[in-house]
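**Q** Once you've had a glance at the structure underneath, I'll fire off some questions.
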Amino acid sequence: MSLDLKLDGRSEDRFGTMAQGLLGTPADRPEGVLKVTGAATYAAENLPENCAFGMLVRAPGQGKVTAVNADEVRAMPGVLAVIRDERMIRNAAQGTANEAPVQGVDHAEYVGQPVAVVVAESFEQARHAAQSLKITTEGSPGPVDPDAVEPEGEPTRTGDLDSAMKDAVHALDLTYTTPSHSSTPMEPHAAIAEWDGDRVSVRASLQMLKYNRNELADCLGISAENVRIQSPFVGGGFGSKLGITAEAVSAAIAARELGRPVRVVQHRRQAFETVTRRSETTQRIRLAADAEGRLSGLGHEALVSNLPGETFAEPVTQASAFAYAGAHRVIGERLARLHRPAAGSVRAPGEAVGVTAFECAMDELAVKTGLDPVELRRRNIPDKDPSSGKPFSSHMLAAALDDGAGRFGWSDRAPEPRSRREGEWWIGSGMAAAFRVNIMMEAEARIDLTPDGAVVETDMTDLGTGTYAILTQIAGEALGLPAESVTVRLGDTDFPPGSGSGGSWGSATTGNAVWLAALDLRRQIAARLDCDEAELTLRDGQATCGNVTRALAEVLGGDDLRGHGHITAGDAFEDVVQSTFGAHFAEVAVSDVTGEVRVRRMLGSFAAGRILNEKTARSQCHGGMTWGIGMALTEELTHDRRDGHMVNRDLAEYHVAVNADVPPLEVHFLEELDPWSGPMQSKGLGELGICGAGAAVLNAVYHACGVRIRDMPATPDKVLAGLE
Ligand code: MOS
């Protein structure tokens, strides 16, 4: 049996008919104790017997690759193999592609591309041997600088923006730039591969197992049935583990060749270069407004880059298509083919940088029109999607603006910049709107119900986002079981295929599959009680129908029941535009002496449909806002202009915002149910908190000291130059 649902329209809200009271509570993570005591083992742990150790070797330049002294290295102590295999992948895959990732070790397309794996008896021997392997490259290198190439692609044009700009009372034509960003998480990329005949099992750290299984099978030239991937715990992904990665492929190749298990772990600098980065962007933003600040037109054109052959282009303008009204529009990306390390999805691909730049431009328009920034945005909220004419499934921007402004105390703000000074510090505040598209994927899940409780299984992953907690709550709510009676098993391709974790879709997609699996079980329980499923009340292990109450264990009567759920997106994601909304408010202090920016407080109000777990949801928003602070002030991946390689490829030199940079963050959720988003009426939240967050900070910098930074991040040198 299975309950299959294709979302073609609105879903009925069944939540009110459930009685357990578990969903929506700030429940703890069931795996929390395992994690803080070290009992949750990650991909590099649990070494099998007789495991050998592999170390990747990267190309020092572009061109045809030769391993000059491979035989010499093979003779080094403990070395088992030096493998250069055309099946090794050139870049991390994107995780949802149907085609195999680009492969090959003979030609390096960028500095840092993995071109060999050295395997030895010990990790130390492997590392030493890998460092001893001399790789040379020859041939003329491809371009690494965006100015050196003619980009591909054209923006979408609606109406006549040039005329609208000429006719406008207020017109702005601004350019913002953002640097490359790294997706490298705390847990290094690691894999242990082991073959049993023709079947390979890989313990890895990946986000999207059902796709990763196919990708690995394609790389190895075997069928997906012969690939098992396990990723029960993942120490962060941020996009870097969406697709199959070099360590997993090379571990599988080496394990086959040596006939024993092989572990490959990428060290930090390798990971920086071999996982996908967020493209740098150059964004031209045009705003044409009347005397009242109403937009007659807007332009958002972005230049991004990627390697030749890669299909991904940072979707910078994704939210600009629907964010604000304005009849005359020019929106889209152009892609420069550069030989920098591959670009791919990084936390909120598109909106993270696109909304941030656009919301800075909106602040500049507010100054130009003399309008309050909150009011300017309110005036430009469209009543339907201005690009497609489709209705919105729900629209919560006005509510988020009002809620956030009220809680932050926005009305106390003096409109003029440089209004407040404390010693050497200029104090100011800024705001920005947040938008992030809501994406639904496909997912399956199953639940086994026994007298001991429920066991939920899906190959879904938990990147630290709270998947274990949320799926426990969903199953417990619908089946009337306390959290202790629900076990969630994740991260194994032997389980039904979930959605994987990416694009904020995890809880809404796989969560709905679990919900459907539970409804499937409810049907079966109701049938045993001879009642209608809608009349059934399940609570604390008791089933009630009419005036009859029986223990669930008694209803099972010695049988175990299995429920299966399957959800797919349908017309509900075509006929209407689905987005989440929010508003960020920040207060900063800017040193008039050093140009240093300190964020003093920050507040966000967010709407994402039903909030399934307020604690994990809040953590996601804290994380997003923290990334926003980093994007605004410190995060910058620097490419060497000569060969494109990443100069600051570690977490010491690539500065993400840390505790010392982040003030207490206030997060508020708006009550919302979105019937178009699925049976749980819940939308993806994970990435909303980052979208626009950096703009609130940068707009606050302007309000504090009158310096407008359009080249992110706003490091002290740039701020100081503005102050002088
Ligand atoms: Mo996310 S960047 O889709 O992991």
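The values are calculated or read from the model by the stated rules, or taken from the named source; none is laboratory data. Given the structure is predicted, the values throughout are model-derived calculations rather than measurements. Backbone-built Cβ (ideal geometry, glycine too); neighbour counts: all protein chains shown.
**Q** Could you check the stretch 560-599 and list, in sequence order, the residues that are of a type in the set (F, W, Y) and surrounded by 24 or more Cβ atoms within 10 Å (Cβ to Cβ)?
**A** The answer is F581, F585.
**Q** Report yes if D571 is over 24 Å from E359 (Cβ atoms), under 25 Å from the mean Cα position of the chain (by Cα) and not small (G, A, S), otherwise no.
**A** For D571, the condition - over 24 Å from E359 (Cβ atoms), under 25 Å from the mean Cα position of the chain (by Cα) and not small (G, A, S) - is met.
**Q** Can you name the number of the only condition in (1) of a type outside the set (V, I, T); (2) touching a helix residue (DSSP H, G or I) at 6+ places or on another chain (Cβ under 6 Å); (3) in a strand (DSSP E or B) that G293 fails?
**A** Single failed check for G293: (3).
**Q** Here is a further query. Under the condition of being in contact (Cβ under 8 Å) with a residue 60 or more places away in the chain and part of a loop (DSSP other than H, G, I, E, B), which residue from the stretch 671-680 is farthest from the ligand (Cβ to nearest atom)?
**A** Checked the stretch 671-680; the qualifying residue farthest from the ligand (Cβ to nearest atom) is L673.
**Q** Please work out if D85 is farther than 23 Å from A617 by Cα, free of Cβ contacts under 8 Å to residues at least 40 places away in the same chain and not hydroxyl-bearing (S, T, Y).
**A** No, not satisfied.
**Q** Follow-up question, since we're still on this one. If S394 meets every condition in (1) assigned to a loop (DSSP other than H, G, I, E, B); (2) within 16 Å of the ligand (Cβ to nearest atom); (3) hydroxyl-bearing (S, T, Y) apart from one, which number is that one?
**A** Against the list (1) assigned to a loop (DSSP other than H, G, I, E, B); (2) within 16 Å of the ligand (Cβ to nearest atom); (3) hydroxyl-bearing (S, T, Y), S394 comes up short only on (2).
**Q** Filter the stretch 438-450 for residues that are crowded, with 24+ Cβ neighbours inside 10 Å and part of a strand (DSSP E or B); which is nearest to the chain's Cα centre (by Cα)?
**A** Among residues in the stretch 438-450 that are crowded, with 24+ Cβ neighbours inside 10 Å and part of a strand (DSSP E or B), the one nearest to the chain's Cα centre (by Cα) is A443.
**Q** crowded, with 22+ Cβ neighbours inside 10 Å and modelled with pLDDT under 95: is that true of M602 in this structure?
**A** Answer is no for this residue.
**Q** Just one of the numbered conditions (1) surrounded by fewer than 24 Cβ atoms within 10 Å (Cβ to Cβ); (2) hydrophobic (A, V, I, L, M, F, W, C); (3) over 26 Å from A191 (Cβ atoms) is not true of L307; which one?
**A** Status for L307: all satisfied but (3).
**Q** What are the residues in the stretch 360-391 that are within 16 Å of A583 (Cβ to Cβ) and either within 16 Å of the ligand (Cβ to nearest atom) or part of a helix (DSSP H, G or I) (or both), if any?
**A** Within the stretch 360-391, C360, M362, D363, A366, P373, V374, E375, L376, R377, R378, R379 meet the criteria.
**Q** Let me ask another. Identify all residues within the stretch 610-650 that are of a type in the set (A, V, I, L, M, F, W, C), surrounded by 16 or more Cβ atoms within 10 Å (Cβ to Cβ) and more than 30 Å from S11 (Cβ to Cβ); write none if there are none.
**A** Listed by number, the residues that qualify are M625, W627, I629, M631, A632, L633, L637, M646.
**Q** Hey, can you tell me all the residues within the stretch 332-352 that are away from the ligand (no atom under 16 Å from the Cβ), part of a strand (DSSP E or B) and buried (at least 24 other Cβ atoms within 10 Å of the Cβ)?
**A** E333
**Q** Where the second residue is more than 10 Å from the ligand (Cβ to nearest atom) and basic (K, R) and the first is at negative phi and lies in the stretch 335-351, which pairs have Cβ atoms under 8 Å and are six or more apart or on separate chains?
**A** Within 8 Å, the pairs are R340/R277; P341/R277; A342/R90; A342/R277; A343/R277; G344/R277; V346/R277; E351/R436.
**Q** From the list V697, V658, V667, V662, pick out the single residue that is more than 16 Å from the ligand (Cβ to nearest atom), under 30 Å from D462 (Cβ atoms) and touching a Cys at 6+ places or on another chain (Cβ under 8 Å).
**A** V667
**Q** While we're here: Return the residue satisfying two criteria in turn: it lies in the stretch 445-474 and is β-branched (V, I, T) and more than 16 Å from the ligand (Cβ to nearest atom), and of such residues it is nearest to D492 (Cα to Cα).
**A** T458
**Q** Can you go through G332, G354 and tell me which one is at positive phi and in contact (Cβ under 8 Å) with a residue 24 or more places away in the chain?
**A** Result: G332 is the single residue among G332, G354 that is at positive phi and in contact (Cβ under 8 Å) with a residue 24 or more places away in the chain.
**Q** Now a separate question. Sort through E247, E194 and tell me the only one that's of a type in the set (D, E), within 23 Å of R269 (Cα to Cα) and in contact (Cβ under 8 Å) with a residue 12 or more places away in the chain.
**A** Sole residue among the options that is of a type in the set (D, E), within 23 Å of R269 (Cα to Cα) and in contact (Cβ under 8 Å) with a residue 12 or more places away in the chain: E247.
**Q** Run down A313, A302, A357 and say which single residue is more than 15 Å from the ligand (Cβ to nearest atom), outside any strand (DSSP E or B) and surrounded by 21 or more Cβ atoms within 10 Å (Cβ to Cβ).
**A** A357
**Q** Same structure, new question: Can you tell me how many residues within the stretch 406-421 are out of contact with any strand residue (DSSP E or B) (no Cβ under 7 Å at 6 or more places or on another chain) and closer than 22 Å to L665 by Cα?
**A** The total comes to 4.
**Q** Looking at the stretch 681-700, I want the residues that are within 23 Å of G236 (Cα to Cα) and in contact (Cβ under 8 Å) with a residue 24 or more places away in the chain and have a partner that is in a strand (DSSP E or B) and within 13 Å of the ligand (Cβ to nearest atom) with Cβ atoms under 6 Å, at least 6 apart or on another chain. Which pairs are those?
**A** Cβ pairs passing all conditions: E687/R436; L688/R436; C691/R436.
**Q** Sticking with this structure for a sec: So, in the stretch 477-495, how many residues would count as being buried (at least 21 other Cβ atoms within 10 Å of the Cβ) and farther than 19 Å from M18 by Cα?
**A** 4
**Q** Let me ask something additional. What's the total number of residues in the stretch 364-382 that are closer than 25 Å to L303 by Cβ and either buried (at least 24 other Cβ atoms within 10 Å of the Cβ) or among the aromatic types (F, W, Y) (or both)?
**A** So the count comes out to 1.
**Q** Checking A660 against (1) touching a Gly at 6+ places or on another chain (Cβ under 6 Å); (2) part of a helix (DSSP H, G or I); (3) not polar (S, T, N, Q), which test does it fail?
**A** Going through the list (1) touching a Gly at 6+ places or on another chain (Cβ under 6 Å); (2) part of a helix (DSSP H, G or I); (3) not polar (S, T, N, Q), A660 breaks only (1).
**Q** Hey, another quick one. Answer yes or no: is there a residue in the stretch 264-287 that is under 18 Å from the mean Cα position of the chain (by Cα) and among the aromatic types (F, W, Y).
**A** yes
**Q** Is it the case that some residue within the stretch 331-347 is farther than 28 Å from N91 by Cα and at pLDDT 95 or above?
**A** There is at least one residue in the stretch 331-347 that is farther than 28 Å from N91 by Cα and at pLDDT 95 or above.
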